[in-house]
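Asks: Structure provided below as structure tokens; questions to follow.
The values are calculated or read from the model by the stated rules, or taken from the named source; none is laboratory data. Please read these numbers as outputs of a predicted model, since none were measured by experiment. Don't worry about glycine lacking a Cβ; one is built from the backbone with ideal geometry, like all the others, and counts go over all protein chains shown. Please note that ligands, DNA and RNA were not included when accessible areas were found on the heavy atoms of the full protein model with its side chains. Shrake-Rupley method; radii C 1.70, N 1.55, O 1.52, S 1.80 Å.
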Amino acid sequence: MKRSQTFNNDYATLYVIATPIGNLQEISPRIIDALNCCEVIFCEDTRVSFKLLQHLNIQKPLFSAYENIEKAATEKIINYLKNGKNVAFLSDAGYPGISDPGQLIINQVRNYDFNVAIINGPSALIHSLVGSGFPSDHFYFYGFLPPKKNQRKMILEKLKTFEDTLIFYQSPHKVEECLKDMQETLGDRSICLCRELTKKFEEFIFGNISEIIPICNSLKGEMVIVCSGYKNQTIKNLDQNLLDEINLEIANGLSTSLAIKKIAQKYQLKKNEVYSFYIQGGKNHEE
């Protein structure tokens, strides 16, 4: 067993600092104090952090610690701590270690028994979950889905039956293909697409996945997808509504097969079960 009292010793400290996700007024006095008490600052991207430090009128040595060099940066940080110097670590936005570099650094610094002080601040994850109004008593945060389609669909397949709210980060140029894979794998669920968080054009877009896909090309900014959890729908409790929706899709030009597939995806039902239900209970259109 090991116990660590962050502020009750004379050891050097790594300050892990959450930074603004959009609005610079998210900077708190405690963040400024922590930056000022450090002799050196490591960060995900020196260009981004330099602008932040300029805004705060803070001048300190600034070093990169992005993902590909995190291991080497960790060794440098530990050397500074061994020499009694306090170190700050920043990601570009939000919390280090949450879909950003930082976990390795924090873990190794703790192994050497130096202090790790987390300086609270903005979080795109929490901001989006609360702003969406989706159930938040339990939720599952995945982060960024894999860029390759096959890997992405494998992950989504594993998450398909999770009953809790699902949360994903996504870049604007990947969001359309990501949502298409989500619709195909998870069904046409209700989602909230959150973008430009804390900025002037902050927006929460609500709707089924199929409703939001057509507008993706017009959207900018880093995004958070908040997705409703799995609901164990049955054909029995949908009953006539299911038949009506299938018939409406057929009336709008889809074949029976495609209409059944679309509605089965929407309600997360097996296509063959929906097909049997439709044939037995309400077929009034021919292929």
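Asks: Go through region 235-260 and give me each residue that's modelled with pLDDT under 85 and open to solvent by 90 Å² or more (accessible area, probe 1.4 Å).
Replies: Lys236, Asn237, Gln240, Asn241
Asks: Of the residues Asn208, Asn217, which single one is surrounded by fewer than 18 Cβ atoms within 10 Å (Cβ to Cβ), in contact (Cβ under 8 Å) with a residue 24 or more places away in the chain and in contact with a Ser or Thr (Cβ under 7 Å, 6 or more places away or on another chain)? Lay out the reasoning, then the answer.
Replies: Details: Asn217 fails: in contact with a Ser or Thr (Cβ under 7 Å, 6 or more places away or on another chain).
One residue alone meets the criteria, Asn208.
Asks: Report, by residue number, each residue of region 189-212 that is outside any loop (DSSP other than H, G, I, E, B) and of a type in the set (D, E, K, R).
Replies: Listed by number, the residues that qualify are Arg195, Glu203, Glu211.
Asks: Determine whether region 33-44 contains at least one residue that is among the aliphatic types (A, V, I, L, M) and in contact (Cβ under 8 Å) with a residue 60 or more places away in the chain.
Replies: Looking through region 33-44, at least one residue is among the aliphatic types (A, V, I, L, M) and in contact (Cβ under 8 Å) with a residue 60 or more places away in the chain.
Asks: Residue by residue through region 45-61, note down the ones that are in contact (Cβ under 8 Å) with a residue 12 or more places away in the chain and either under 21 Å from Lys85 (Cα atoms) or part of a helix (DSSP H, G or I) (or both).
Replies: Of everything in region 45-61, those that are in contact (Cβ under 8 Å) with a residue 12 or more places away in the chain and either under 21 Å from Lys85 (Cα atoms) or part of a helix (DSSP H, G or I) (or both) turn out to be Thr46, Val48, Ser49, Phe50, Leu52, Leu53, His55, Leu56, Ile58, Lys60, Pro61.
Asks: Does Ser136 satisfy being of a type in the set (S, T, N, Q), under 27 Å from Lys220 (Cα atoms) and surrounded by fewer than 17 Cβ atoms within 10 Å (Cβ to Cβ)?
Replies: Working: of a type in the set (S, T, N, Q): yes; under 27 Å from Lys220 (Cα atoms): yes; surrounded by fewer than 17 Cβ atoms within 10 Å (Cβ to Cβ): yes.
So Ser136 fits the description; yes.
Asks: Would you pick out the residues in region 106-121 that are open to solvent by 50 Å² or more (accessible area, probe 1.4 Å), touching a residue at least 12 places away in the same chain (Cβ under 8 Å), out of contact with any helix residue (DSSP H, G or I) (no Cβ under 7 Å at 6 or more places or on another chain) and not in a loop (DSSP other than H, G, I, E, B)?
Replies: Arg110, Ile118 - these are the residues of region 106-121 that are open to solvent by 50 Å² or more (accessible area, probe 1.4 Å), touching a residue at least 12 places away in the same chain (Cβ under 8 Å), out of contact with any helix residue (DSSP H, G or I) (no Cβ under 7 Å at 6 or more places or on another chain) and not in a loop (DSSP other than H, G, I, E, B).
Asks: Do you know which residues across region 65-92 are open to solvent by 40 Å² or more (accessible area, probe 1.4 Å) and in a loop (DSSP other than H, G, I, E, B)?
Replies: Residues satisfying the conditions are Tyr66, Asn83, Gly84, Lys85, Asp92.
Asks: So Ala124 clears everything in (1) in contact with a strand residue (DSSP E or B) (Cβ under 7 Å, 6 or more places away or on another chain); (2) open to solvent by 40 Å² or more (accessible area, probe 1.4 Å); (3) aliphatic (A, V, I, L, M) except one condition, right? Which one?
Replies: Result: Ala124 passes all but (2).
Asks: Sort out which residues of region 128-161 are in contact with a Cys (Cβ under 8 Å, 6 or more places away or on another chain), closer than 19 Å to Lys180 by Cα and not in a loop (DSSP other than H, G, I, E, B), and write them in order of number.
Replies: Arg152
Asks: Given the conditions (1) charged (D, E, K, R); (2) crowded, with 16+ Cβ neighbours inside 10 Å; (3) modelled with pLDDT under 95, which single one is not true for Arg195?
Replies: Result: Arg195 passes all but (3).
Asks: Here is a further query. Looking only at region 133-154, how many residues end up being aliphatic (A, V, I, L, M) and either under 14 Å from the mean Cα position of the chain (by Cα) or closer than 20 Å to Phe206 by Cα (or both)?
Replies: First pass over region 133-154, keeping only residues aliphatic (A, V, I, L, M): 145, 154.
Next, only the ones that are either under 14 Å from the mean Cα position of the chain (by Cα) or closer than 20 Å to Phe206 by Cα (or both) stay: 145.
Selection size over region 133-154: 1.
Asks: Quick check: anything in region 95-105 closer than 20 Å to Thr185 by Cβ and not in a helix (DSSP H, G or I)?
Replies: No, region 95-105 contains no residue that is closer than 20 Å to Thr185 by Cβ and not in a helix (DSSP H, G or I).
Asks: Got a number for residues in region 151-185 being farther than 26 Å from Asp137 by Cα and without any contact (Cβ under 8 Å) to a residue 24 or more places away in the chain?
Replies: So the count comes out to 3.
Asks: Also: Would you check if there is a residue in region 12-28 being of a type outside the set (D, E, K, R), assigned to a strand (DSSP E or B) and more than 28 Å from the chain's Cα centre (by Cα)?
Replies: Taking every residue of region 12-28 in turn, at least one turns out to be of a type outside the set (D, E, K, R), assigned to a strand (DSSP E or B) and more than 28 Å from the chain's Cα centre (by Cα).
Asks: Which one is nearest to Ser228 (Cα to Cα), of the residues in region 93-105 that are among the small types (Gly, Ala, Ser) and open to solvent by less than 10 Å² (accessible area, probe 1.4 Å)?
Replies: Applying the filter and picking the extreme gives Gly94.
Asks: Which residues, taken from region 245-263, are free of Cβ contacts under 8 Å to residues at least 12 places away in the same chain and part of a helix (DSSP H, G or I)?
Replies: Within region 245-263, Leu248, Leu258, Lys261 meet the criteria.
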